[in-house]
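Student: For reference, the structure I am asking about is given below.
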Amino acid sequence: MRQTLLAIYPWIKALHVIAVIAWMAGMMYLPRLFVYHWRAEKGGEAERNFIQMERRLLKGIINPAMIAVWVLGLTMLYANPALLHDPWLHVKLAAVLSISAVHGLYAGAQRRFARGERPRTEKFWRIMNEVPFLLMMIAVIMVIVRPF
Ligand code: HEM
């Protein structure tokens, strides 16, 4: 099994990076929708549109992309377990777990916005818009530069 995975390792890594791009694109777009949704008139057409866009983005792109990133990432670790000893991977996984926690925060907020609520503040979602990007930078620098 490991031999087969190592033979297709470059394909797994390529699909991993493709899934990462989709996940990060969604994670940076959804809080932007929350910012505009927060201002929208309750019960209005704009609110209905935002609810639909947020649900489709989360269910259609962000959730499947996250699952693919984790499955492909863990598959590479199974195929290449020596990596588990590398400190850069530990820092990378800490950043990835943090991105996953932010994902959970967004999923909870999407449900509340869909119920017509206005969770947190507009300023909170503006700041949250930057957080996944900063965490992604840490993950990418760790896995490519491997500083330690
Ligand atoms: C979700 C859990 C994740 C796991 C378990 C994981 C694990 C891995 C592993 C084992 C590799 C191959 C390293 C190698 O053999 O060279 C890899 C490559 C990569 N990962 Fe992840 N990863 C995860 C999430 C992420 C995330 C969230 C990002 C970016 C935000 C990311 C970015 C990358 C990149 C850019 C590469 C390619 C590095 C290269 O070409 O050398 N990964 N990942």
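The values are calculated or read from the model by the stated rules, or taken from the named source; none is laboratory data. Quick caveat: nothing in here was measured; it's all calculated off a predicted structure. Reconstructed Cβ throughout: ideal geometry from the backbone, glycine too, with neighbour counts over all protein chains shown. Just so you know, the surface numbers come from the protein's heavy atoms only, side chains and all, with ligands and any DNA or RNA stripped out. Shrake-Rupley method; radii C 1.70, N 1.55, O 1.52, S 1.80 Å.
Student: Please compute the length gained on full extension between Leu6 and Arg32, using 0.36 nm multiplied by the number of residues separating them and subtracting their Cα-Cα distance.
Tutor: Full-extension gain reported as 5.4 nm.
Student: Can you give the Rg to Rh ratio for the chain, taking only C-alpha atoms and Rh from Kirkwood?
Tutor: So for the chain, dividing Rg by the Kirkwood Rh gives 1.06.
Student: Kindly provide the helix-only [θ] at 222 nm of the chain, computed as the sum of -39,500 (n - 2.57) over DSSP H runs of four or more divided by all residues, to the nearest 500 deg cm²/dmol?
Tutor: -26500 deg cm²/dmol
Student: Using a 1.4 Å probe on the protein chains only, how many percent of the accessible area of the chain belongs to carbon and sulfur?
Tutor: Taking all protein chains in place, the chain shows 69 percent carbon and sulfur surface.
Student: Charges only on Cβ, +1 for Lys and Arg, -1 for Asp and Glu: so what's the dipole of the chain about the Cα centre, in debye to the nearest 20?
Tutor: Value, rounded to 20: 260 debye.
Student: In a Debye calculation with equal point scatterers on the alpha-carbon sites of region 50-98 and no solvent, what is log10 I(q)/I(0) at q = 0.17, 0.23 Å⁻¹?
Tutor: -0.62, -0.85
Student: For the chain, what does the accessible surface come to per residue with a 1.4 Å probe? Please give it in Å².
Tutor: On a per-residue basis, the chain sits at 57 Å².
Student: Taking +1 at the Cβ of each Lys and Arg and -1 at the Cβ of each Asp and Glu, which of Ile62, Asn49, Thr4 sits farthest along the dipole of region 2-145 towards its positive end, judged by Cα position relative to the Cα centre?
Tutor: Highest projection toward the positive end goes to Asn49.
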